[in-house]
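See structure below.
The values are calculated or read from the model by the stated rules, or taken from the named source; none is laboratory data. Values in this document were obtained by computation on a predicted structure and should not be read as measured data. Positions of Cβ are generated from backbone atoms using ideal geometry, with glycine treated the same way; all protein chains shown enter the neighbour counts.
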Amino acid sequence: MASHNIYEQASVPIRNFLGYLETTRNKSPSTVEEYFMDLRTFFRFIKWQRGLVPKDADFETIPIDDVDIDLIRSVTLTDAYEFFRYARVERHNQAAARARKVSSLKSFFQYLTVKAPESMRLEENPVKELDVPHQRKSLPKYLTLEQSLELLNSVDGAHKERDYCILTLLLNCGLRLSELVGLNGKDIRTDHTMRVVGKGNKERTVYLNQACLDALDRYWKVRAEEIKVIVDREALFLSSRGKRISPKTVQAMVYANLKKIGLDGQGYSVHKLRHTAATLMYQHGNVDIRALKEILGHENLATTEIYTHIVDEQLQKAVDANPLAHVKPRKEKEPE
């Protein structure tokens, strides 16, 4: 469940919206909290702008538990644009942060226009025409095939079978960090597939290739020997104390092995291994983009399509690298 503290800080309309996100839309607690923080910043600004709090009030302590439906009904599109100017100029929010706030506001007012109880329902959505800030799309960072092999070969130490298995699943299946640490032993099925619980508790089936099966088999054989007291018997990957492995432990292991191959401090992370898996599958596996979408558990095809741009960019670089790429015709001799 989302933190009870955010519900205590929110007024009834906002609290109802957060509950709707959590129960009906099945959003994760962290996502619900992000919506709350965006709405809190927006209504703090509205109260400050309209003189409902002293001008010298500490912005970060302005309460929003008194934001009633009348104040919400008074919000205009102009208010929203003024808020985003404030977010950009005063809070130095980049386009991505402002885009998230746009999404939060649009979802909130859409809920109040369509889903809220009659007593709180709005006749019109004031931010329906609110534009999303333009964001420059950057291609995801990923390891090459050679770097991926080097990373796998770097694994050593007391938990080498476990760590190798983790890296193998990340690089072959494109799992999110939360999906990996959430795996249970029973999620590895006898038909060589794996049950994965992704964002919003959505389940998907991922097929395991031979490298994954071999790595899982080696890890499973030493799992009980390495850990004398297993606390969390359901968890697939365990810490040295027998508990479900934590995200921080996985991150530390990945960073340590990236450092071994000289890739530390270059922006690589656990999530970049997900990008690596997707890129390698698309480049070398002749995978249909819609199939890749299902493997990765993306909600929208547009999210997956960025991997097609990686290949496009590489093709462009290959053409530009041709030694004849910049050759120009020799000037013809002037007629005598």
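Brief remarks follow.
- Flag if Arg290 is exposed (fewer than 13 other Cβ atoms within 10 Å of the Cβ) and in the same structural domain as Asn184 (by TED's automatic domain parsing): yes
- Cβ pairs under 6 Å, 6+ apart, first in region 66-91 and more than 20 Å from Asp131 (Cα to Cα), second surrounded by 11 or more Cβ atoms within 10 Å (Cβ to Cβ) and not small (Gly, Ala, Ser): Val67/Phe43; Ile69/Pro13; Ile69/Met120
- Here Lys141 clears all of (1) at pLDDT 90 or above; (2) in contact with a Gly (Cβ under 8 Å, 6 or more places away or on another chain); (3) surrounded by fewer than 17 Cβ atoms within 10 Å (Cβ to Cβ) except the condition numbered (1).
- The condition (being within 17 Å of Leu273 (Cβ to Cβ), touching a helix residue (DSSP H, G or I) at 6+ places or on another chain (Cβ under 7 Å) and free of Cβ contacts under 8 Å to residues at least 24 places away in the same chain) is satisfied by just one residue among Leu152, Leu167, Leu143, Leu171: Leu152.
- Some residue of region 79-93 being surrounded by fewer than 14 Cβ atoms within 10 Å (Cβ to Cβ) and within 18 Å of Thr113 (Cα to Cα): no
- Lys106 being in contact with a Leu (Cβ under 7 Å, 6 or more places away or on another chain), charged (D, E, K, R) and surrounded by 16 or more Cβ atoms within 10 Å (Cβ to Cβ): yes
- Conditions (1) within 24 Å of the chain's Cα centre (by Cα); (2) modelled with pLDDT under 90; number of the one not met by Cys165: (2)
- Counting only helices (runs of 4 or more DSSP H) wholly contained in region 185-287, the ones carrying 2 or more residues that are basic (Lys, Arg), exposed (fewer than 14 other Cβ atoms within 10 Å of the Cβ) and at pLDDT 90 or above occupy 247-260.
- Residue among Val155, Val127 that is in a loop (DSSP other than H, G, I, E, B) and assigned by TED's automatic domain parsing to the domain that holds Leu208: Val155
- Scanning region 13-32 for residues that are without any contact (Cβ under 8 Å) to a residue 60 or more places away in the chain, touching an Asp or Glu at 6+ places or on another chain (Cβ under 8 Å) and buried (at least 18 other Cβ atoms within 10 Å of the Cβ) gives a single hit, Val32.
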